[in-house]
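See below for the structure under consideration.
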Amino acid sequence: MSDEDVVHVVEDDAAMRDALCLLLQSSDFQVRSFASAEAFLTEVEPSQSLCLLTDLRLPGMDGLALYRHLVSLGTEPAAVLITGHGDIPIAVAALKDGVMDFVEKPFDPGVLLDSVRDASQRASERRRRKAAAADIENRLELLTAREREILGLLVEGHPNKQIAAALGISTRTAEHHRAHIMEKMRVRTLSQLIKAALGLAG
């Protein structure tokens, strides 16, 4: 079971932790649970595509500090905070920091499941985008220096004749290079090629 495929529950109260795990598992989520933020950080490799459900108030590092720490490491997990009634100002600040949602105690199981489901979908989407970007980068590695140069000009909107003139080559040679680029990038149209290149840059 990959850490990227599970909901990571961080809750110091053992009874609440067990209840959360049972609730999530009953809705077909895979779950790993931790009694503290420190335990989570010891056992889990931080990833942008992690789904995190954490109590705000934890011994040691609290839930928001855990999230902020993960962000400081260059990751941004899809996170949901469980909060008490007095924690609303902190929860609002958490949303501004990028936390996806917060759920107040005592929480409605359906509301919590909806929040976690949204977070899990966000994590999956980030994982998909990360894989797609890596795939495009691998394809770019196949391009020669000249092909990369021509790709840059194509992305800027230059037609084959302008590219040929700019590089001092024939239009036919420019077209030949373009065909090779599209073959290596595994795209069928110019728009797909430009989208792939821009997607990597974004």
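A short reminder: the numbers here are calculations on the coordinates, not readings from a lab. Because the structure is predicted, anything quoted here is derived from the model rather than measured. FYI the Cβ positions are ideal-geometry reconstructions off the backbone, even for glycines, and counts take in every protein chain you see.
Remarks
- Matching residues in the stretch 119-145 - criterion: being under 13 Å from the mean Cα position of the chain (by Cα) and either surrounded by 14 or more Cβ atoms within 10 Å (Cβ to Cβ) or more than 30 Å from residue 53 (Cα to Cα) (or both): 119, 120, 122, 123, 124, 126, 127, 129, 130, 133
- Put simply, of 26, 33 the only residue that is farther than 24 Å from residue 130 by Cβ, touching a Cys at 6+ places or on another chain (Cβ under 6 Å) and of a type in the set (Ser, Thr, Tyr) is 33.
- Taken over the stretch 108-118, the residue count meeting the criterion of being among the β-branched types (Val, Ile, Thr) and surrounded by fewer than 22 Cβ atoms within 10 Å (Cβ to Cβ) is 1.
- Unique residue being touching a residue at least 24 places away in the same chain (Cβ under 8 Å) and not in a strand (DSSP E or B) when the list is 12, 18, 28: 12
- Test: residue in the stretch 99-107 that is surrounded by fewer than 16 Cβ atoms within 10 Å (Cβ to Cβ) and in contact (Cβ under 8 Å) with a residue 60 or more places away in the chain: no
- Failed item, numbered, when residue 77 is tested on (1) farther than 30 Å from residue 132 by Cβ; (2) touching a Cys at 6+ places or on another chain (Cβ under 8 Å): (1)
- Residue 88 meets all of the listed conditions (1) surrounded by fewer than 20 Cβ atoms within 10 Å (Cβ to Cβ); (2) β-branched (Val, Ile, Thr); (3) within 24 Å of residue 128 (Cα to Cα) but one, namely (3).
- The set of residues in the stretch 153-188 being closer than 21 Å to residue 135 by Cβ and without any contact (Cβ under 8 Å) to a residue 40 or more places away in the chain consists of 178, 179, 180, 181, 182, 183, 187, 188.
- Helices (runs of 4 or more DSSP H) fully within the stretch 146-202 counting 1 or more residues that are under 32 Å from the mean Cα position of the chain (by Cα) and loosely packed, with under 13 Cβ neighbours inside 10 Å: 171-185, 190-201
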